Structures are given as structure tokens and as C-alpha cells.
Amino acid sequence: MLEYARWKYVVAILVLIVSTIYSLPNLYPQDTAVQISATRGGQVDDALKERVQGVLERSQIATKSIKIEKNSLIVRLADPNVQVRAADTIRGEVGQGYVVALNLASTVPDWLTAIGAKPMLLGLDLQGGVHFLMEVDEKAALEKRENGFVDDIRGLLRDAKIPYAGVERTPNGIHIRLRDATDRDQVATLIGRDVPQIEVEDGAEPGVLIAHMRETELKTIVDNAVEQNIGTLRNRINELGVAEPLVQRQGASRIVVQLPGVQDTAQAKKILGATATLEYRAAVDGNAQDAVQSGRVPAGARVYYERGTRRPLLLSRRIIAAGDQLVDARSGFDPQDGSPMVSVTLNAAAGARMNEFTRDNVGRFMGVVYIERLPETKIVDGKEVRSVRVTEEVINYARVNGVFGRKFQTTGLSSSTEAAELALLLRAGSLAAPVDIVEERIIGPSLGRENIERGWVAVTFSFLFVLAFFVVYYKVFGIVTNIALLLNLLLVVAVMSLMGATLTLPGLAGIALTVGLSVDANVLINERIREELRLGLPPLSAIDMGYEKATGTIWDANVTAFLAGIALFAFGTGPVKGFAVTLCLGIITSIYTAVSVSRGAATMIYGHRRKLKHIAI
């Protein structure tokens, strides 16, 4: 007998309500906007708002609203065509202390946002934006690690009280020159025990050892540098809150960065902060001004310049700790005097070196050096020539007031804003190895809009054709099938929105395919019911048996397709993953709507008619 439990009706109604609510944000179009975020020394406040509003009014650029949202100033524009002009105007007004980026601002009502309802993110092919292909400098990563091993070996020799003439990195490896050749075996054993990542061999001269990094260590260093850089780039973009990025690895040493909604390549590079690393260095005794004027720099020292004041400082060539060794950094206030400060946490190895340094240097100064590599492209004799401009500046120069190791505080900052900026820089701004932009391209918003229109037209017309066909061919059961199809599409959109999934052009293709899979399941059910009627079963029994016998076939077919979708997601990249996500979600929802929801609708229509002689199928 045809039956459907009441609790299943309750579940279906709840699914319908929740799906409708979480699909609603996709009906609200985004506003074309310009976003202003503070970087170095800038502050987002009412004064900035008035400056921006004034310069836009003078330039006769109409706005919908100008509000401070999530530590950024959002300017919503009345005319999408003036977005670039508005950004350029604001950029000229606010100066270097801010990042001005093109963006799209949400118009979803607050009550939907409060319950976590948000629209699907649009991919680069639907929204437009910038695409970067960045390559990690493997040579720099290996050199940096070798320098670390040089310091480690020097420390081992000092601790073991083994006299040595020098430990230096050369193109042929790390050369260790001992004062007594009889110490070679002891040194080799010591390095093999405490630094297993390198292997040691005898040099051509007595008392000389040559250390090389093992092949497995070389690969590990490059892999770790790429993975850490991916996390760092993602953190920088996320914490600046400029766009919803795609940051993923491509090949052995390359990283793909996509920023949907951003159209200005130059500003996108600023969002990424070019490429940056941090180094903690000890101050060196001496007069830095005299060293600059005379050109005579003390041995083991280098001249750096302080950010803003351009004051010369003498810092050691030896690095105490580097930015890639930071575990965490948080801004706050010093409990003793209430001044702004940044609390820093290092990893174990860097913490041990910091402890050793501070134990011997209380009362002396230490500097934090910020290093940027800015890629530049010039046209020389009609050819594109790429180069890199390196900028090194001291962002913090403070006295060591006590002994500390993994955790310590950086004080002497001018404001809480500067402390927050420094914490952001320390936490998310240092790269394990420099990266260079080897490819960049812009996808215009007009192309994105055209892709959206064509994609939705394809989905809409295919859906309408299927709905009309079912009503004509299956009559009342065509209506039942259409109810299941509509709920299936609603469910897919709701789940993708709830997950924060990014909708791409292949994703739209996945939605269209989902409609096809749902159609296939409902056709199996309807045809099975017709077959049972031809065998002479009563209408109610035919409906019941049709659903029972078709369910197993539907599960078999959809599980096979789901496994294919899992494989696409696991081994695919970029657009293939987007297609796979939509496909897998659609398979799950189509099984529920075809097997359960359509049966509930059929039971509601025919279940109460006990002496049914005919059904419209």
C-alpha cells in the first residue's frame, strides 16, 4: 500500500524552508565598490571617510553609500562604469598609507547575514579579476637554509670546544676548516648526530671538511618553502580583507593566485605585499653615520635604514631569527606602561637562538629588518625585460630589556595601529623564500557578466524544457517529477551557498548535469510504475512497487557517478574541482528528491484514494 511517514513530510518541509532561506542571498546583486584598507601608518576612521567623500564629490562621482565595514572603508558606487576612475581618485587622495582596491560589496539584508546566509562566491571566469602565476626562488630557499646550517655547525663546534679556522658556504657546499686535522673524525661524527640533514666528506686539503645537504633534504626544503608561501600569501590576502582569493600550488615550485573582482594588476600586487621576508638582527657597536660617510663598515656588520626617518643603523650580518620561523604574533598593550606592543612566538630552534642571544646582550639593541622584492617589467628594444628591485628597511629597533626565548614582546611602537600592522606583518607577511611573478593577466568584468548570462540561459532553458516535457509526457506524475527537480536545484544552490563554495563556469555546467541526473532518476521511477501497471497491478500497488524497484537502480547509478566526481576532485585542479564539487552535491540531493520527495508528493495526491482505478502517467 502507498504510504509515507508523517515525519518524512516534516523533514521535507524543513528542507524546503531552509533551502529557500539559504538560497535567497543569491537573488541580491552585489554593488560595484571601492575598498580602502589601512596598511602602513594609515587609519580607517571618520576623518578618512570625510576625505574620501569630499574628493568624490569634487570629482562628481556619484555614490550609493560610504561606510566603515570590518576595518575597511567601503564606497558603493551608483554607476559601475566609474569604478576604476573612483579608485584612481581615492588613491591620489589617501596616499601610500592605504590599499585601494576594486571590489564587489554584498547587498544581502542583515537578517540573512545574521543566520550565516550568504551568496555563492563567483569565480574568476564569472566575475572577472586578476590571475598571477608566481614561482618560488628555489636557489634563494636553499641558500637561506644553507646559511642556517652554517650557523648550526659553528654553534656545534663552539659548544664542543673544537678550534676551527672558518665555516663558510661556497658554491660547492659548506667548507669547514679545522685548526687541527686530527679533529676531522670527531667533527664528522658530531655533525652526523646533531645535523642529520647534511652529509660530510673529506676535502682535498688536510683539516678541511665539505658538507652537502642530502637530496631528500633539498626536495623537502623546496616543498616546505612552497607550502609555507601558499599559507603566507593566503593569510596576507585574507587578513587585509580585500578579496576572496584562490591560492593553490601548481607543479613543483609555482603558485597560482586568483583575486576575483579585482581589476587593477598593480594594486593587486600591493595587496599581495609584493614578496616579503623578516629578519631579526643584533645591533653592532659603532657610528652608523660615520660608516655611511666614510664607507668603512665594521667587520661583520651592514648598514640598514630605519623606515620613515631613514636613520642609518648598524646591524649584524648574522641572523638571530627569520620571519619564516615565527609561530604567532599578536598586538596588544604593555601591562607595565600601557604602550602598544606586539607579542611574538618563535619555533623551538629560533627560540633557542634568541634565548642565547638575549642572555648575553641584555641592554643592547636589536632590529627587525623587513625585506621586499618588487618585480618590475620594462620594455627594452621592444622586448619585455623582467627585473627585481630589493628594498630593505628596519621596521622596529628596540632595546633588549631581559632574557627571553620563544616568546617575547616588541615595544617602542608609536600607536596601536602600528602595533596591529606589525603583528600582521610578522604573522602573515614573511615568506619562506622569495617568489617572482612570472605570469599575470586580467579577466574583465564584461566577459564575466557574459559568461554568467550565457551559463544561466543554458541552465534555465534546459530546465524549462525538461519541466514542460515531463508535464506533457507523464501528466500528473510529470508535476510530481517537476516538484522534485525544483527542490533539487534549490538544494544544490543552498548547500553551495552555505559551504561558501565558489561558482565557476564549469560549476554551472555541473548544475546543468545535475538536472540531467535528477531527470534520469525520475524517469526510472515513472517508467517502472508504468511497467507495473502493464503487468496488471492496481494503481496504488504499482506506484508503491515502482518506487521500491527503481530505488536500487538509482542508488547504483548515482554511487558510480559520485565516485567519478570524487576522482575528479582528488586529481583535478581549478575548474575541474569546481565541476566535481557541483556534481557531487547534485548527486546527493537528486537521490533524496527523486526517491523520497517525489514519493511524498505522489502519496499526497493518490494515497488517500483507496479505490483508485486510474492514474495519470
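The values are calculated or read from the model by the stated rules, or taken from the named source; none is laboratory data. Every value quoted in this text rests on a predicted model; they were computed, and no experiment measured them. Cβ sites come from the backbone with ideal geometry, for glycine too, and all protein chains shown count toward neighbours.
Before moving on, here are some points about what is shown:
- Verdict on residue 540 being surrounded by 18 or more Cβ atoms within 10 Å (Cβ to Cβ) and over 24 Å from residue 505 (Cβ atoms): yes
- Selection from the stretch 155-170 of residues that are over 17 Å from residue 212 (Cα atoms) and of a type outside the set (A, V, I, L, M): 155, 158, 159, 161, 163, 164
- Of the candidates 484, 468, the single residue that is modelled with pLDDT of 85 or more and crowded, with 16+ Cβ neighbours inside 10 Å is 484.
- For the stretch 496-505, a residue qualifies if it is buried (at least 22 other Cβ atoms within 10 Å of the Cβ) and in a helix (DSSP H, G or I), and the qualifying residues are 496, 497.
- When the stretch 212-222 is filtered for residues that are part of a helix (DSSP H, G or I) and surrounded by 15 or more Cβ atoms within 10 Å (Cβ to Cβ), the ones remaining, listed by number, are 217, 218, 221, 222.
- Residue match in the stretch 397-404 (condition: among the aliphatic types (A, V, I, L, M) and at pLDDT below 75): no
- Annotation for the stretch 574-586: at least one member residue is in the same structural domain as residue 504 (by TED's automatic domain parsing), in a helix (DSSP H, G or I), without any contact (Cβ under 8 Å) to a residue 12 or more places away in the chain and crowded, with 17+ Cβ neighbours inside 10 Å.
Residue by residue, here is whether (1) assigned to a loop (DSSP other than H, G, I, E, B); (2) at pLDDT 80 or above; (3) surrounded by 21 or more Cβ atoms within 10 Å (Cβ to Cβ) holds:
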| site | (1), (2), (3) |
| --- | --- |
| 310 | yes, yes, no |
| 316 | no, yes, no |
| 321 | no, yes, yes |
| 337 | yes, no, no |
| 349 | no, no, no |
| 354 | no, yes, yes |
| 358 | no, yes, no |
| 370 | no, no, yes |
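- Selected residue (criterion: nearest to the chain's Cα centre (by Cα)) from residues of the stretch 282-307 that are closer than 30 Å to residue 347 by Cα and touching a residue at least 24 places away in the same chain (Cβ under 8 Å): 307
- When residue 119 is tested against the conditions (1) surrounded by 14 or more Cβ atoms within 10 Å (Cβ to Cβ); (2) part of a strand (DSSP E or B), the lone failure is (2).
- Residues of the stretch 37-63 satisfying the condition of being at pLDDT 85 or above, surrounded by 18 or more Cβ atoms within 10 Å (Cβ to Cβ) and among the aliphatic types (A, V, I, L, M): 48, 52, 56, 61
- Here 339, 331 are screened, and the one residue that is closer than 23 Å to residue 313 by Cβ, touching a strand residue (DSSP E or B) at 6+ places or on another chain (Cβ under 8 Å) and in contact (Cβ under 8 Å) with a residue 12 or more places away in the chain is 339.
- In the stretch 102-127, the residues that are among the aliphatic types (A, V, I, L, M) and either within 20 Å of residue 34 (Cα to Cα) or touching a residue at least 40 places away in the same chain (Cβ under 8 Å) (or both): 102, 104, 105, 108, 112, 115, 117, 120, 121, 122, 124, 126
- Number of the exception - residue 617 against (1) part of a helix (DSSP H, G or I); (2) modelled with pLDDT of 80 or more: (1)
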